[in-house]
Amino acid sequence: QVQLVESGGGLVQAGGSLRLSCVASGRTFSSNAMGWFRQGPGKEREFVAFIRSDINTGYTDSVKGRFTISRDNAKNTVYLQMNSLKPEDTAVYYCAAASRPWATQRLTDYTYWGQGTQVTVSS
């Protein structure tokens, strides 16, 4: 049974940093693309970042230069380092895993999803 478990969320002041982690179990994902999405209050789930099996990465424009996605295949873990956080980054952040080496910003590219971790940025 595949499981993705996020951690690292919390309450932080604007300008602060958080590091989210997503640990996968049930199978290895070293050959699969991984992604982070978020869903703010009253909003639809939106793409944040992806990292492909070849370590190629992509970001939504609003987080470029502030967020960094990375992975540790030995730990079956993907990270999202979030710096210079803004109140508009407040959301539940979800980890996702694709069933193939590449993926894009589309939600439908991803097969497995975590339960999410809350990030709240105060002004």
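The values are calculated or read from the model by the stated rules, or taken from the named source; none is laboratory data. These numbers come from a predicted model, not from an experiment. Here Cβ is always computed from backbone atoms with ideal geometry, including for glycine, and neighbour counts include all displayed protein chains. When the accessible area is computed, the model is the full protein with side chains, heavy atoms only, and any ligands, DNA or RNA have been set aside. Shrake-Rupley method; radii C 1.70, N 1.55, O 1.52, S 1.80 Å.
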Exercise. What length, rounded to one decimal in nm, is gained on full extension from Gln115 through to Glu88, with 0.36 nm per residue of separation minus their alpha-carbon distance?
Worked result: 7.6 nm
Exercise. Lysines within cross-link reach of Lys43: Cα-Cα under 21 Å, excluding same-chain residues under 8 positions apart?
Worked result: Lys64, Lys86
Exercise. Mean separation of Cα pairs under 8 Å and 6+ residues apart, divided by the residue count of the stretch 1-54: what relative contact order is that in percent?
Worked result: 29
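For Asp72, Asp89, Asp61, give me the order by solvent-accessible area with a 1.4 Å probe, most accessible first, ignoring ligands, DNA and RNA.
Values: Asp72 45, Asp89 0, Asp61 115 Å².
Highest to lowest solvent-accessible surface, that is Asp61, Asp72, Asp89.
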Seminar exercise, completed: Once phi for every residue in the stretch 17-24 is put through the Karplus expression 6.51 cos²θ - 1.76 cosθ + 1.60 (θ = phi - 60°), the whole-Hz ³J(HN,Hα) values, with Gly and Pro written as x, are 9, 9, 10, 8, 10, 9, 9, 9
Problem set entry | Residues of the stretch 4-26 with amide N under 12 Å of the 7 Å Cα→Cβ point at Gln81 | 18-20
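Can you tell me, using C-alpha contacts under 8 Å and at least 6 residues apart, the relative contact order of the chain as a whole percent?
Relative contact order for the chain comes out at 36 percent.
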